[in-house]
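The values are calculated or read from the model by the stated rules, or taken from the named source; none is laboratory data. These numbers come from a predicted model, not from an experiment. Positions of Cβ are backbone-derived with ideal geometry, glycine not excepted, and every protein chain shown enters the neighbour counts. Note: accessible area is taken over every heavy atom of the protein model, side chains too, but ligands, DNA and RNA are not part of it. Shrake-Rupley method; radii C 1.70, N 1.55, O 1.52, S 1.80 Å.
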Amino acid sequence: MYNRTFIVATVASLSMTTMSLADWGTELTATGGANDDYFGNSVAIDGDTCVIGTSGTNSATGSAYVFTKSGGSWSQVAELTPTDGEGSILFGYTVAIDGDTCVIGASGTNSYTGSAYVFTKSGGSWSQVAELTPTDGEGSILFGNSVAIDGDTCVIGALGTNSYAGSAYVFTNTSGSWSQVAELTATGGASYDYFSWSVAIDGDTCVIGAGGANSTTGSAYVFTKSDGTWSQAAELTATGGASNDYFGYSVAIDGDTCVIGAAGTNSYTGSAYVFTNTGGSWSQAAEL
């Protein structure tokens, strides 16, 4: 079974002796929350709506909570659970949202084959509309260990495929029906690369982290869609990267800019690398 280390980010530049939570915002907690719920193990936001994963609730069946902001105040409006979920399925281990659609990963379903659940909002109420599974998935592939969505396209990671070389599956929504349209793998991928450790998508471009590649130095792969077909466009690596950097531990993209997390650099102090796309060529622009 794959065990993921949770990293809590802190803003080192703030002096908590002079600034309080009230100066910045709101602390969100789940109604009826309890010990070992793991509320906040995954988070996503779009506009005035955020989704917070809680994979430990209900004996690790898991939940995801939706909060909305109105008049400057955030409040819980829904608790999402899978219609068929029971046991340690880890629903809420990963979450993503775009508009009135969210995707919730549950990598523990079916003996860790995994699933991803799509929920949509209609008339102010959230309801499950699909359970996504890979067409060729079986065994402990951990489908749903990472999720991303943009419009009618979502990308679901399954880092356990092919002896943990990993894959990412692309699904699209056509007239309310979600279907798999591609399985992405890295050119030259090898066992324990952990391709799809993280995924992100914006329009016709997605970025997929492979923190185990190159003896755990790590890589991130850019895929683009042209004429309905997804293909690898670039492999990103950090300048001066070294073993145990885990470059690709986290990824994000917006337009022609992506950010790649490398949690292991500098004895696990960590870094984040900014890459930009100019004329179809991606290059490192900064190390944060």
222 nm [θ] for the chain, helices only, -39500 (n - 2.57) per DSSP H run of 4+, per residue, to 500? -1000 deg cm²/dmol
Which whole-Hz ³J(HN,Hα) couplings does region 116-124 yield from phi under the Karplus relation 6.51 cos²θ - 1.76 cosθ + 1.60, θ = phi - 60°, glycine and proline marked x? 9, 10, 9, 10, 10, 9, 9, x, x
Quick check: from the Cα gyration tensor, does region 177-263 come out rounded (a/c under 1.5), prolate or oblate? prolate
Given a 10 angstrom Cα cut-off, can you work out which residue in SER243, SER146, SER125 is the most mobile in a GNM of the chain? SER125
Short version: ³J(HN,Hα) in whole Hz for each residue of region 219-235, in order, from phi by Karplus 6.51 cos²θ - 1.76 cosθ + 1.60 (θ = phi - 60°), x for Gly and Pro, what are they? 8, 9, 10, 9, 10, 10, 9, 9, 6, x, 10, 8, 8, 6, 10, 6, 10
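Mind ranking ILE45, ILE253 by accessible surface for me, highest first, 1.4 Å probe? Intermediate results must be reported in sequence, preceding the final value.
Values: ILE45 110, ILE253 25 Å².
Order by accessible area, largest first: ILE45, ILE253.
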Point-charge dipole on Cβ atoms (K/R +1, D/E -1) for region 102-220, about Cα centre, debye to 20: 220
Give the longest segment of the chain that steers clear of GluC sites (Glu not before Pro) in DSSP loops with at most 16 neighbouring Cβ atoms within 10 Å, not counting the sites themselves. 139-288
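What does the charge dipole of the chain about its Cα centre add up to, to the nearest 20 debye, if the Cβ of each Lys and Arg holds +1 and the Cβ of each Asp and Glu holds -1? Can you show the working numbers first?
Working: 4 positive and 26 negative charges, 71 e Å.
The calculated dipole for the chain is roughly 340 debye.
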Calculate the length of the line joining the C-alpha centroid of region 182-239 to that of region 78-155, in whole Å. 21
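For Cα pairs less than 8 Å apart in space and 6+ apart in sequence, what is the mean separation divided by the residue count of region 186-288, i.e. the relative contact order in percent? List each step's numbers first, then the result.
Values: 279 pairs, mean separation 20.7, N = 103.
Relative contact order, region 186-288: 20 percent.
Between ASP36 and ASN110, what FRET efficiency follows from the Cβ-Cβ distance if R0 is 22 Å, with the result rounded to 0.05? Each step should come with its number before you reach the end.
Values: r = 23 Å, r/R0 = 1.06.
Calculated value: 0.40.
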Under the Karplus curve 6.51 cos²θ - 1.76 cosθ + 1.60, θ = phi - 60°, whole-Hz ³J(HN,Hα) for region 167-179, x wherever Gly or Pro sits: 9, 9, 10, 9, 10, 10, 9, 10, 6, x, 10, 8, 9
Could you work out how far apart the two model spin labels at SER125 and SER163 are, taking each label as a point 7 Å from the Cα in the direction of the beta carbon, and quote it in nm? 5.0
Calculate the spin-label point distance for ASN266 paired with THR68, positioning each point 7 Å from the Cα along the beta-carbon direction, and give it in nanometres. 4.2
When the chain is modelled as a GNM with alpha-carbon springs shorter than 10 Å, which of GLY241, GLY212, GLY53 fluctuates the most? GLY241
Is the shape of region 31-133 rounded, prolate or oblate, going by the alpha carbon gyration tensor and its root eigenvalues a ≥ b ≥ c, with a/c under 1.5 for rounded and a/b larger than b/c for prolate? oblate
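What percent does the relative contact order of the chain come to when contacts are Cα pairs within less than 8 Å and at least six residues apart?
Details: 791 pairs, mean separation 23.0, N = 288.
This gives 8 percent for the chain.
Only four residue types carry charge here, +1 at the Cβ of Lys and Arg and -1 at the Cβ of Asp and Glu. Report the dipole size of region 188-263 about the Cα centre in Debye, rounded to the nearest 20.
Roughly 200 debye for region 188-263.
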With the cut-off at 1.5 for a/c, could you classify the chain from its C-alpha gyration tensor as rounded, prolate or oblate? rounded
When the chain is treated as a GNM, springs tying every alpha-carbon pair under 10 Å, which of THR29, THR54, THR94 comes out with the largest mean-square fluctuation? THR29
